[in-house]
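Taking it in order: structure first as structure tokens, then the write-up.
The values are calculated or read from the model by the stated rules, or taken from the named source; none is laboratory data. What you are looking at is a predicted structure, and each value in this text was computed from that prediction instead of being measured. Cβ placement follows ideal geometry from the backbone for every residue including glycine, while neighbour counts extend to all protein chains displayed.
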Amino acid sequence: MTGPKDIFASRTGIIMVGLAIGCIAASLQKLGNPPNMGVCVACFTRDIAGALGLHRAGIVQYLRPEIPAFCLGAFVAALAFREFRPRTGSSPILRFVLGMCAMIGALIFLGCPWRAMLRLAGGDWNAILGIAGLVTGIGIGVVFLRVGFSLGRTYQSRFPVGLAMPVVMLILLLLAIFYPKFGDNAALYRSESGPGSMAAPVAISIIAGMIVGFLAQRTRFCTVGAFRDLILMRDIHLLSGVIALVAAAFVMNLIFKQFDPGFVRTAADGTTSPQPAAHTVHWLNFTGMVLAGLSFCLAGGCPGRQVFLSGEGDGDAAMFVLGMLTGAAISHNFLMVGNQALAPWAVVIGLVVVLTIGITGRSVPAATG
Amino acid sequence: MSVSETVDARGLSCPQPALLTRQALKRTSGKEVTVLVDTATQVQNCTRTAEQLGWQAVCEENEGTFRLRLRR
């Protein structure tokens with residue numbers, strides 16, 4: 001087994017990995033990924049949904065190789081350290097719904113917790129509202145956890161249960177590499193303008209994604225666990241990794257001249273433009289991330305963590321990831337992204353759904369075996 | 001003879017194993033608590049929680065179940 005003295009499990013280990021992820025994210029942006037979006041699990045999953053034709057928002061369709069590479073990096077790490085363990089049974093359908101709601105909330109803010117940190121490190125002050133919402137959502141989740149909220153136990157399962165998601169991700173990775181077009185008006189789609197058209201070279205994205213997946217599986221890096229453990233147990237272990245990520249991305253952004261502070265960007269002639277892939281409707285930035293933060297907290301981890309867990313055999317985390325993919329399609333098809341017309345309704349309905357899951361969550365179940 | 005409390009946290013998501021461990025350690029008047037988990041992640045989380053409260057952990061694995069013996 002991997003003992004508690006493992007370097008990856010140490011404070012030094014999680015800080016080093018946070019620094020590495022921050023550097024990798026800023027570098028991926030420098031190499032072509034969209035601004036303040038070197039890595040974003042929500043945005044990239046949304047782009048994949050677009051590439052597959054699950055939504056038709058033309059500017060955000062690209063089969064991002066980073067997400068499958070995350071999963072496969074974690075898969076390799078889990079196999080190498082004998083931690084691959086097929087398991088399921090902890091309310092899979094509720095995890096699917098939580099994944100959907102988390103994605104809908106994140107896309108109203110326009111970013112997952114990872115991108116919230118990267119937007120902050122790039123000087124987009126709208127991220128402050130998003131992070132405040134995220135922490136508030138996690139805080140509400142902590143209240144549920146304190147009174148015994150649980151989605152129930154997972155149980156060891158058959159090998160294919162654990163292998164399903166890594167195989168799906170391997171297929172996605174191959175599609176990302178070869179990018180076949182199956183016909184006119186058929187997948188795979190690829191944006192010709194907008195964020196979906198901006199991408200680092202595929203090989204670099206894959207290598208970077210595999211490294212992040214491997215390191216994050218070893219350290220259990222989690223941007224939601226960071227704030228949850230701080231509020232719930234005064235434990236700053238995971239938070240120290242997230243702070244390291246922001247610090248590294250900030251320094252790299254300064255070096256690459258990618259830091260541009262403000263709620264909007266102001267050019268030398270005084271004209272203003274929005275921060276990249278961002279809006280300034282503060283209450284939506286805040287409440288969107290309340291919805292996302294609460295959903296992630298009840299599901300046990302941030303979107304990145306769910307992808308990594310799906311790589312180490314967790315079939316329930318895989319359901320959460322599929323929920324995110326579905327949520328991305330719903331968000332765009334029903335005009336609920338950013339400050340679009342139906343975003344406020346999405347927040348209200350999403351919160352009702354997720355609070356219901358929280359309220360009806362049973363106490364930690366007794367062991368059966 | 002002191003009664004040793006056992007926390008069965010097998011199959012539970014973050015942060016429940018660490019939280020249940022913390023609650024048990026704060027509640028108990030004894031000197032030993034046993035925690036059962038089934039992933040290396042939860043071994044690390046529960047060990048960290050115990051050590052923060054001044055307890056020491058010894059782990060042994062048997063057929064996919066990790067038995068953490070916590071002593072103060």
Exercise. From A:98, A:94, which residue is among the hydrophobic types (A, V, I, L, M, F, W, C), at pLDDT 95 or above, surrounded by fewer than 24 Cβ atoms within 10 Å (Cβ to Cβ) and within 20 Å of residue A:346 (Cβ to Cβ)?
Worked result: A:94
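For every residue, the table says whether it meets (1) closer than 25 Å to residue A:32 by Cβ; (2) within 20 Å of the chain's Cα centre (by Cα).
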{"residue": "A:172", "(1), (2)": "yes, yes"}
{"residue": "A:184", "(1), (2)": "no, no"}
{"residue": "A:191", "(1), (2)": "yes, no"}
{"residue": "A:227", "(1), (2)": "no, yes"}
Exercise. What helices (runs of 4 or more DSSP H) lie completely within the range A:297-369 and have 3 or more residues being touching a residue at least 24 places away in the same chain (Cβ under 8 Å) and among the aliphatic types (A, V, I, L, M)?
Worked result: A:315-333, A:343-360
For this session: Test residue B:41 against the criterion of being within 9 Å of chain A (Cβ to nearest Cβ) and of a type in the set (Ser, Thr, Tyr), and give yes or no.
Result: yes
Problem set entry | Boolean, residue B:51 is more than 7 Å from chain A (Cβ to nearest Cβ), under 19 Å from residue A:313 (Cα atoms) and surrounded by fewer than 22 Cβ atoms within 10 Å (Cβ to Cβ) | no
Problem set entry | Yes/no for residue B:32 being acidic (Asp, Glu), more than 8 Å from chain A (Cβ to nearest Cβ) and in contact with a Pro (Cβ under 9 Å, 6 or more places away or on another chain) | no
Problem set entry | Residue count for the range B:54-72, restricted to those that are touching a strand residue (DSSP E or B) at 6+ places or on another chain (Cβ under 6 Å), within 10 Å of chain A (Cβ to nearest Cβ) and part of a loop (DSSP other than H, G, I, E, B) | 0
Problem set entry | Top-ranked residue in the range A:50-79 [being buried (at least 24 other Cβ atoms within 10 Å of the Cβ) and either modelled with pLDDT under 95 or within 14 Å of another protein chain (Cβ to nearest Cβ) (or both); ranked as farthest from residue A:169 (Cα to Cα)] | A:78
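Among the residues of the range A:80-122, write down those that are more than 14 Å from every other protein chain (Cβ to nearest Cβ) and more than 20 Å from the chain's Cα centre (by Cα). Full working, then the answer.
Start the filter on the range A:80-122 by keeping residues that are more than 14 Å from every other protein chain (Cβ to nearest Cβ), which leaves A:93, A:96-97, A:100-122.
Selection gives nothing.
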Seminar exercise, completed: Quick count over the range A:11-46, residues being surrounded by fewer than 20 Cβ atoms within 10 Å (Cβ to Cβ) and of a type in the set (S, T, N, Q), is 2
Problem set entry | Every residue from the range B:1-43 that is assigned to a helix (DSSP H, G or I) and more than 14 Å from residue A:300 (Cα to Cα) | B:20, B:21, B:22, B:23, B:24, B:25, B:26, B:27, B:40, B:43
